[in-house]
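This report concerns only the one structure given below.
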Amino acid sequence: MDDNYRAAVDAAAIFSETDLSGRITYVNQQFCSISGYSREELLGANHRILNSGCHPPAFFQGMWRALAAGQVWKGEICNRARDGSLYWVASTMVPLFDPLSGKVCRYASIRFDVSEKRQLLHTLQWRVGHDVLTGLPNRAYLSDLLNQALETSRLAPTELAVCMLDLDGFKAVNDGYGHASGDLLLVEVAARLKGILRGGDAVARLSGDEFVLILRQVQGLRQLHGVLQRVLSAVAAPYAIGDQQISVSASIGVTLFPSDNDDADTLLRHADQAMYVAKQSGRNRYHLFDVSLDQEVKATHQTVARLRRALTGGELRLFYQPKVNMRSGEVTGFEALLRWQHPQRGLVAPGEFLAQVEQTDLIVEIGEWVIDRALAQMQQWQAQGYRWPVSVNIAARHIQRADFVERLQALLGQHAAVAPRMLDLEIVESVAIENIQRVSECLEACQRLGVQFSLDDFGTGYSSLSYLKRLPTRTIKIDKSFVRDILRDHDDQALTRAVIGLARAFGRQVIAEGVETVAHGELLMGLGCDVAQGYGIARPMPAAEVVGWVRGYVQPHEWVVLK
């Protein structure tokens, strides 16, 4: 190389030359400075003197293969200096050719120190996966750690515990001692958790005062209990933060794999749910996630979602069961009964699906749909010259809404042609009694709108005279469980007679449900109850069949005689 070019390269870079066997034939001062070796020590030595052991043999084999083929090789190499320290260089190795033979005669290497860049990159990469305050893995790295642990547990197979830990009283520390003290407390908690966990276990900080523990190779609940008790004790021991003595505790939620056989995100969510149960149960304790209970919740959510699709997709139907005055033969009205026209299962009765959604707001949406459809049907019948009242059942969650009356008024307004008195809302006795003050006020407000109310399933609840007095219902319905057996059960007959007497005493109408035979009707009329419904009169039917049924209805001869 020309001396002027060599001087320029020496000033700009770490430069060396080697022969074909890799022995060093020239180094500049920058090479000596970064490696810590003198020129005398380096000249004649093999380049392997700088080998750090950080690269596999295949790395150098590829490099020498490229150079031997006359190609330029570029890459970053980690070298080991004379004092044992490591440094990184970005290297460009160039084969030099003999001008006479045209063959490669030696190699020149131009290097630049990139140790600082590599350290910065390492720091940045570390920060991506770690919490700067505590040095623990953060949320991003936790996902990798948990997935690795799950894979190991699947292959072994062994049990794995995923634990969500939240500090009790940490907000009070921040508020009382300041955020700096709070940060020092978190650092100490992290140190205690790292110190108590076994080899192979892991701890990460999610955010704030939430930590996640991954406990591998759990050998039964007894061992898990011991580990978690040690964690609780370690966290609860007093902390010396500055000149203050601070105490906190922990609430821990735990889920076990493979009993809880789900993905990493779901396991964390389950542990989080269990942690909140631990907090609500008194704190400074752990709670094990209940897989079977979660399956029930999932099943309910799936049912709610499917039934909501049925509601919006037009799969719900209203059937109508007649109410008849057995003595006069007059059809006095109908009860609207919900059915689900399921695409695969056919017509499904409400008992098979409503119970699973009665504690959700979907029951309110369904209730309002039923009222709307019943009002629309009455309007259609009115256009045909028929004025039949229709009763609909109202769920407890529906009537207990604060805006029930306002929303009912809006529905009535959408069907202004139908007189509000034609709508009869049925509430079961037990619901009315549970919150009698609220229900009474609601009934009175609805009655001011003109809407009527019936007390359904009467006799199955408390049936107190004071309750009956406070509930301004127009009609009392005798529950079918009494009516069904009145022909042979004297107690049911006595109860039915008592309910009819109460209704008369309080000026209420009375309707008997569950009339299955002509004989049931005869006995009820003898007891003083004239209006009834049941399979002995007619089964619930689609609206399209109602007019035809009414026109063809014939009062049983036995009832005509009793006029």
>> Any residue at all in region 418-436 that's surrounded by fewer than 17 Cβ atoms within 10 Å (Cβ to Cβ), under 26 Å from Arg339 (Cα atoms) and at pLDDT 80 or above?
In response: yes
>> Condition first: more than 51 Å from the chain's Cα centre (by Cα), surrounded by fewer than 17 Cβ atoms within 10 Å (Cβ to Cβ) and without any contact (Cβ under 8 Å) to a residue 40 or more places away in the chain. Now tell me which residues in region 508-526 satisfy that.
In response: Ala519, Gly526
>> Every residue in region 164-223 that is under 21 Å from Tyr239 (Cβ atoms), in contact (Cβ under 8 Å) with a residue 40 or more places away in the chain and of a type in the set (S, T, N, Q), please.
In response: Ser181, Ser207
> If you scan region 319-332, which residues turn out to be basic (Lys, Arg) and part of a loop (DSSP other than H, G, I, E, B)?
Replying inline: Arg327
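One line per residue, one yes/no per condition, for (1) outside any loop (DSSP other than H, G, I, E, B); (2) in the same structural domain as Phe60 (by TED's automatic domain parsing); (3) touching a residue at least 24 places away in the same chain (Cβ under 8 Å); (4) out of contact with any strand residue (DSSP E or B) (no Cβ under 6 Å at 6 or more places or on another chain):
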| site | (1), (2), (3), (4) |
| --- | --- |
| Trp88 | yes, yes, yes, no |
| Thr92 | yes, yes, no, no |
| Pro99 | no, yes, no, yes |
| Ser109 | yes, yes, yes, no |
| Thr134 | no, no, yes, no |
| Leu142 | yes, no, yes, no |
| Ser153 | yes, no, yes, no |
>> Residues to consider are Val550, Val560, Val546; find the one that is in a helix (DSSP H, G or I) and surrounded by 19 or more Cβ atoms within 10 Å (Cβ to Cβ).
In response: Val546
>> Go through (1) under 30 Å from Arg6 (Cα atoms); (2) surrounded by 13 or more Cβ atoms within 10 Å (Cβ to Cβ) for Val173 and report which single condition fails.
In response: (1)
> Taking only pairs six or more apart or across chains, which ones have beta-carbon atoms under 6 Å, a first residue in region 408-420 that is in the same structural domain as Gly385 (by TED's automatic domain parsing), and a second residue that is surrounded by 15 or more Cβ atoms within 10 Å (Cβ to Cβ) and in a loop (DSSP other than H, G, I, E, B)?
Replying inline: Pro420/Val451
> Among the residues of region 31-59, which ones are aliphatic (A, V, I, L, M) and either free of Cβ contacts under 8 Å to residues at least 24 places away in the same chain or closer than 19 Å to Ser21 by Cβ (or both)?
Replying inline: Leu42, Leu43, Ala45, Ile49, Leu50, Ala58
>> Given (1) within 24 Å of Phe289 (Cα to Cα); (2) loosely packed, with under 14 Cβ neighbours inside 10 Å, identify the lone condition not met by Leu256.
In response: (2)
> Within the group Val331, Val291, Val370, Val324, which residue is surrounded by fewer than 16 Cβ atoms within 10 Å (Cβ to Cβ) and touching a residue at least 24 places away in the same chain (Cβ under 8 Å)?
Replying inline: Val291
>> Restricting to region 536-563, count the residues that are touching a residue at least 12 places away in the same chain (Cβ under 8 Å) and charged (D, E, K, R).
In response: 3
> Going through region 278-306 one residue at a time, which ones are touching a helix residue (DSSP H, G or I) at 6+ places or on another chain (Cβ under 6 Å), at pLDDT 90 or above and not aromatic (Phe, Trp, Tyr)?
Replying inline: Arg285, His287
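May I ask you to verify whether Leu228 is without any contact (Cβ under 8 Å) to a residue 40 or more places away in the chain, among the hydrophobic types (A, V, I, L, M, F, W, C) and assigned by TED's automatic domain parsing to the domain that holds Met164?
On the way: without any contact (Cβ under 8 Å) to a residue 40 or more places away in the chain: no; among the hydrophobic types (A, V, I, L, M, F, W, C): yes; assigned by TED's automatic domain parsing to the domain that holds Met164: yes.
Spelling it out, it is not the case that Leu228 is without any contact (Cβ under 8 Å) to a residue 40 or more places away in the chain, among the hydrophobic types (A, V, I, L, M, F, W, C) and assigned by TED's automatic domain parsing to the domain that holds Met164.
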> Among the residues of region 244-259, is there at least one that is closer than 24 Å to Gly176 by Cβ and either of a type in the set (Asp, Glu) or not assigned by TED's automatic domain parsing to the domain that holds Glu151 (or both)?
Replying inline: no
>> Which numbered condition in (1) of a type outside the set (A, V, I, L, M); (2) closer than 30 Å to Tyr386 by Cα; (3) touching a Pro at 6+ places or on another chain (Cβ under 9 Å) is the only one that Glu365 fails?
In response: (3)
> Name the pairs whose Cβ atoms lie under 6 Å apart, with the first residue in region 389-403 and over 25 Å from Met378 (Cα atoms) and modelled with pLDDT under 85, the second among the β-branched types (Val, Ile, Thr) and not in a loop (DSSP other than H, G, I, E, B), and 6 or more positions between them or separate chains?
Replying inline: Arg397/Ile363
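The values are calculated or read from the model by the stated rules, or taken from the named source; none is laboratory data. As the structure is a computational prediction, the values presented were derived from the model and not from experiment. Note that we place each Cβ from the backbone using ideal geometry, even for glycine, and neighbour counts take in every protein chain shown.
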